[in-house]
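Peer 1: One structure is given below, represented as structure tokens, and several questions about it will come after.
The values are calculated or read from the model by the stated rules, or taken from the named source; none is laboratory data. As the structure is a computational prediction, the values presented were derived from the model and not from experiment. Positions of Cβ are generated from backbone atoms using ideal geometry, with glycine treated the same way; all protein chains shown enter the neighbour counts. Surface accessibility is based on the protein's heavy atoms, side chains included, excluding ligands, DNA and RNA. Shrake-Rupley method; radii C 1.70, N 1.55, O 1.52, S 1.80 Å.
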Amino acid sequence: MTAQYQVHGDIAVITLNNPPVNGLGLSTRQGIADGMAQANADAAVKAIVITGAGKAFSGGADIKEFGKPTALQEPNLISVIGVLEASGKPVVAAIHTVVMGGGLELALGCHYRIAAPGTSVALPEVKLGLLPGAGGTQRLPRVLGVEPALNMIVSGETVKSDMLVMAPGQKLFDKLSASAESVLEEAMAFAREKADVRPLPLVRDLKCKHPLGDAYFQFARNMVKGMSKNFPAPALCVDAVEAATKKKFDEGMAVERDIFIKLMWTAESKSLRHLFLAERAASKIADVPADTAQRAINSVAVIGAGTMGGGIAMNFLNAGIPVKMLEMKQEALDRGIATIRKNYEAQVAKKKLKQDKYEQRMSLLSTTLSYDELNTADMVIEAVFEEIGVKEAVFKELDRVMKPGAILASNTSTLDVNKIAAFTKRPEDVVGLHFFSPANVMKLLEVVRGEKTAKDVMATVMSLAKKIKKTAVVSGVCDGFIGNRMIEQYGRQGGFLLDEGCTPAQVDKAMEKFGMAMGPFRMGDLAGNDIGWAIRKRRYTEQPDMKYSKTADLLCEKGRFGQKTGAGWYDYVPGKRDAIPNAEVVAMIEEHRKSLGITPRKISDEEIVQRLVFSLVNEAAHILEEGIAAKASDIDIVYIFGYGFPAHRGGPMNYADEVGLFNVVQAMNRFAQNPLDDAKFWQPAPLLAKLAAEGKTFN
Ligand code: 3HC
Ligand code: NAI
């Protein structure tokens with residue numbers, strides 16, 4: 001049983017004990033109901049306290065139970081809350097650390113609530129594409145007021161208990177305890193005080209009105225419109241809270257219930273729930289146990305103060321970890337530092353960073369031109385030019401100067417990490433840390449595990465990633481790792497679409513309508529079209545039979561590298577990022593098409609989306625099969641956090657699962673018939689073909 005029952009004198013204590021966060025799965029719900037029955041049947045018990053063991057009161061409904069039969073099994077959460085409300089003896093919630101979702105709803109069913117200071121309070125269901133489904137939309141407005149409650153429900157944001165108790169007229173918490181350690185004792189004392197007070201107060205009996213009525217809800221609907229673009233939940237949260245103000249309590253509960261069930265089955269909610277679990281699964285490595293001893297990282301060195309080096313350094317400064325940057329020349333260091341300052345100053349100007357914090361961060365940064373000064377750093381990250389000879393020289397120096405046990409990382413985006421490791425006499429200490437540009441902003445970090453990378457190095461960098469607020473995904477060694485290897489195929493398809501009749505703007509629009517943050521051509525302009533050009537030139541010699549459209553090369557031959565040159569697939573006005581279609585580029589594409597003797601055809605948005613997304617999926621299936629990615633969900637995380645794939649689709653693999661792998665394979669077979677496309681590429685990867693044939697999914 002994952003809830004324990006104990007009697008202390010005349011007080012019964014029910015302790016939720018379902019690690020890690022006391023999710024309210026079936027056995028916990030049953031435990032609460034049983035404890036309540038026992039307490040009410042015991043004449044010696046005068047009052048009941050409910051609390052949580054470990055690091056939460058409760059994180060809410062058990063997300064891992066969603067979709068399983070036990071989720072629906074009685075007692076469900078609403079029934080359990082009904083049991084609390086119907087108790088003949090007072091029930092006090094002793095809340096600490098985390099009270100979220102169903103956990104907060106459970107507490108709202110108690111007669112009294114005592115919270116420890118610093119408790120994180122939220123109804124975060126909207127972040128899972130849901131709304132609170134056990135009375136949260138009906139009870140929270142009754143104790144906090146309609147507006148503050150709706151704000152919490154629609155945003156899902158966490159508010160600290162200390163803030164909430166200060167809200168005028170709030171009835172959410174009866175009291176703040178002195179500390180988290182004392183909350184249970186104080187709740188028991190409070191329960192004794194209230195043991196004989198009748199009638200017992202119920203949140204459901206409180207009034208719930210907004211003075212502006214309809215006008216307020218109209219305003220609220222307009223406010224959530226932007227958030228609701230691809231997600232139905234936020235607007236429906238408004239409907240449910242409005243019902244709390246207009247209907248009797250039980251009728252409001254019925255409205256909430258209907259919406260909750262409807263949302264539970266939407267693709268959007270399934271995607272968000274998938275991503276919640278996928279993100280947490282990504283941080284675990286099958287053969288590296290959670291208790292693997294880690295190396296201490298208290299200082300970091302960064303080699304190269306260019307685009308990436310500066311951004312990488314900022315991540316550590318932000319986390320309070322001192323950084324020493326090394327360059328070849330003082331001017332390069334000065335330039336790098338000036339860029340870091342400029343970035344921080346922009347944050348200060350936007351009031352996102354306080355002046356003293358900025359100064360504090362800069363004080364953690366030092367520079368050097370000498371490798372010998374790096375000998376005290378616990379870790380070094382190399383971000384020099386992408387040339388194997390340069391990397392070799394740098395890693396030989398690092399091998400010479402770094403102290404034993406230091407982690408040697410490379411930010412290479414294409415080179416072989418095993419080869420880089422072999423430049424040293426300690427390949428077990430070498431790992432790839434592939435940050436994405438801008439490195440101080442982008443959440444994704446591909447951790448490239450070399451053949452010889454030690455397990456404790458992996459454990460250390462995965463936990464370090466959390467410290468610097470990155471979402472880390474492990475990749476094996478291959479050209480492009482997970483993300484860029486897939487994007488190469490996506491870019492190739494983009495080229496074929498131009499050859500066959502599309503304009504860059506048409507392709508981008510279709511992909512942006514699908515939900516991508518940016519279509520492939522705007523993305524190329526942002527990243528720099530010269531990067532892809534360099535890779536293709538390498539491919540032309542290494543893989544001469546790989547088929548490419550020539551349009552991107554023609555574009556680069558005109559020097560149209562993208563935003564950095566003010567011109568790429570589109571034109572750009574200095575200081576702005578708006579992509580303005582360029583007639584010459586369109587003419588260039590048409591001319592090239594003519595030179596190939598192709599009669600353009602009208603290509604539907606559906607075909608554009610399918611060809612581009614399924615090209616990612618097919619390459620990803622190869623990546624999975626080769627063991628470069630350990631799980632399909634890791635690939636989804638890479639695309640969500642690194643490539644602007646829409647969260648409501650749950651990543652390319654989740655999207656393919658939703659479409660059905662059989663249908664994906666059928667579409668690929670169709671694309672393979674197109675003489676202007678690459679029939680060889682469209683052969684479904686063996687893993688994909690197998691799963692499709694067996695009616696299975698990636699995830
Ligand atoms: N159910 C089951 N497991 C949960 C969970 C939940 N509600 N919330 C967190 N976990 C698990 C995570 O999966 C993870 O498991 P793992 O160790 O096996 O990977 C573990 O708890 C720790 O999670 P985090 O890494 O996120 O730990 P943090 O300490 O950083 O954060 C937290 C803890 C604040 C509770 C955070 O996990 C969180 O925000 N959880 C989501 C809470 C939520 O969305 N609740 C609403 C659920 S829906 C609901 O209640 C419906 C109801 O209205 C009917
Ligand atoms: P950059 O050209 O902006 O910066 C490289 C810096 O390294 C320069 O300041 C240069 O002076 C310095 N440098 C070169 N050789 C050196 C040496 N021997 N010792 C010390 N410093 C040296 O390059 P960028 O874009 O920062 O790329 C760096 C690395 O990051 C490359 O491996 C690249 O592939 C990788 N990367 C780049 C991304 C991007 O979008 N720019 C994204 C992810 C990875």
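Peer 1: Distance between Cα centroids, region 565-600 to region 438-494: provide it in whole Å.
Peer 2: Distance between centres, Cα-based: 32 Å.
Peer 1: Once you charge only the Cβ atoms, +1 for Lys and Arg and -1 for Asp and Glu, what is the size of the charge dipole of the chain about its Cα centre, to the nearest 20 debye?
Peer 2: 960
Peer 1: Which value at 222 nm does the chain reach when only helices count, each DSSP H run of 4 or more adding -39,500 (n - 2.57), with the total divided by all residues and rounded to the nearest 500 deg cm²/dmol?
Peer 2: -15000 deg cm²/dmol
Peer 1: Could you point to the residue in Ser182, Phe435, Tyr643 farthest towards the positive end of the chain's charge dipole, with +1 and -1 charges on the Cβ of Lys/Arg and Asp/Glu respectively?
Peer 2: Ranked along the dipole, the leading option is Ser182.
Peer 1: Turning to a different aspect of this structure: Tell me the relative contact order for region 483-693 as a rounded percent, counting alpha carbon contacts under 8 Å between residues six or more apart.
Peer 2: Taking the mean separation of contacting Cα pairs over the length of region 483-693, I get 24 percent.
Peer 1: What does the charge add up to near Met442, with Lys and Arg as +1, Asp and Glu as -1, over the other residues with Cβ less than 13 Å from its Cβ?
Peer 2: After counting each charged neighbour, the total is +2.
Peer 1: Using only Cα atoms, find the angle between the long axis of helix 214-225 and the longest principal axis of the chain, and express it within 0 to 90 degrees, rounded to the nearest 10.
Peer 2: 30
Peer 1: Now a separate question. Could you rank Cys237, Cys478 by how accessible they are, 1.4 Å probe, largest area first?
Peer 2: Largest accessible area first, the residues go Cys478, Cys237.
Peer 1: Antiparallel DSSP bridges in region 394-517: what percent, to the nearest 5?
Peer 2: 35
Peer 1: Enumerate the calculated ³J(HN,Hα) couplings along region 518-530 in order (Karplus 6.51 cos²θ - 1.76 cosθ + 1.60, θ = phi - 60°), each rounded to whole Hz, writing x wherever the residue is Gly or Pro.
Peer 2: 3J(HN,Hα) across region 518-530, in whole Hz: 8, x, x, 7, 5, 5, x, 5, 6, 6, x, 5, 5.
Peer 1: Could you compute Rg(Cα) / (2.2 N^0.38 Å) for the chain, with N its residue count?
Peer 2: 1.08
Peer 1: Let a ≥ b ≥ c be the square roots of the eigenvalues of the Cα gyration tensor of region 222-268; is it rounded (a/c under 1.5), or, if not, prolate (a/b larger than b/c) or oblate?
Peer 2: It is oblate, given that a/c is not under 1.5 and a/b is not larger than b/c.
Peer 1: Classify region 483-693 as rounded, prolate or oblate, taking a ≥ b ≥ c as the square roots of the eigenvalues of its Cα gyration tensor: rounded when a/c is under 1.5, otherwise prolate if a/b is larger than b/c and oblate if not.
Peer 2: prolate
Peer 1: With the cut-off at 25 Å, tell me which of the pairs Lys324/Lys537; Lys513/Lys696; Lys68/Lys262; Lys68/Lys443 have Cα atoms farther apart than that.
Peer 2: Cα-Cα > 25 Å for Lys324/Lys537; Lys513/Lys696; Lys68/Lys443; rest within.
Peer 1: Antiparallel versus total DSSP beta bridges in the chain: what percent is that, nearest 5?
Peer 2: Looking only at bridges with both residues in the chain, the antiparallel portion is about 30 percent.
Peer 1: Something else about it: Along the positive direction of the dipole of region 3-264 (beta-carbon charges: Lys, Arg +1; Asp, Glu -1; about the Cα centre), which of Ala243, Asn40, Gln73 reaches farthest?
Peer 2: So the residue we want is Ala243.
Peer 1: Still on this model: Taking every DSSP beta bridge with both residues inside region 300-475, roughly what % is antiparallel (nearest 5)?
Peer 2: Rounded to the nearest five, the antiparallel share is 15 percent.
Peer 1: Still on this model: Packing-wise, with mean Cβ within 10 Å as the measure, how do 327-333, 172-178, 57-63 rank, highest first?
Peer 2: 57-63, 172-178, 327-333
Peer 1: Determine the shape class of region 508-628: with a ≥ b ≥ c the square roots of the Cα gyration tensor eigenvalues, call it rounded for a/c under 1.5, and otherwise prolate if a/b is greater than b/c, oblate otherwise.
Peer 2: Rounded is the answer for region 508-628, as its axis ratio a/c remains below 1.5.
Peer 1: Taking region 300-475 as the region of interest, what is the percent of Cα-Cα pairs per 10 angstrom bin, listed from the shortest bin to the one with the maximum distance?
Peer 2: Here the calculated profile for region 300-475 is 10, 41, 37, 10, 1.
Peer 1: Now, a different point. How far, in degrees from 0 to 90, does helix 330-349 lean away from the longest principal axis of the Cα atoms of the chain, to the nearest 10?
Peer 2: Once rounded, one gets 40 degrees.
Peer 1: Taking amide H atoms as placed 1.01 Å from N in the peptide plane, list the residues 5 or more away in sequence, or in a different chain, whose amide H sits under 5 Å from that of Leu433.
Peer 2: For Leu433, the qualifying residues are Ser410, Asn411, Thr412, Val448.
Peer 1: Let me ask something else. Which links in Lys351/Lys469; Lys175/Lys350; Lys64/Lys171; Lys225/Lys342; Lys329/Lys425; Lys419/Lys547 stretch past 30 Å when you go from one Cα to the other?
Peer 2: Where the Cα-Cα span goes over 30 Å, the pairs concerned are Lys175/Lys350; Lys64/Lys171; Lys225/Lys342.
Peer 1: Quote the relative contact order of region 3-264 in percent (integer), defining contacts as alpha-carbon pairs under 8 Å separated by 6+ residues.
Peer 2: RCO, region 3-264: 18 percent.
Peer 1: How far is the Cα center of region 233-299 from the Cα center of region 31-63, in Å?
Peer 2: 24
Peer 1: Only Cα pairs under 8 Å and at least 6 apart count here; give the relative contact order of the chain as a rounded whole percent.
Peer 2: About 9 percent, as a whole number.
Peer 1: Here is a further query. For the peptides 338-350, 11-23, 600-612, 263-275, what is the packing order when you average, over each peptide's residues, the other Cβ atoms within 10 Å and list the highest mean first?
Peer 2: Those peptides, ordered most packed to least, come out 11-23, 263-275, 600-612, 338-350.
Peer 1: Between the helical axis of 249-264 and the dominant principal axis of the chain, each derived from Cα atoms, what acute angle in degrees is found, rounded to the nearest 10?
Peer 2: 20
Peer 1: If you don't mind, there's one more thing I want to ask. Give the cross-link partners of Lys576 among the aspartates and glutamates, using a straight C-alpha distance below 17 Å as the criterion and excluding same-chain residues fewer than 8 apart.
Peer 2: Excluding near neighbours in sequence, the set is Asp525.
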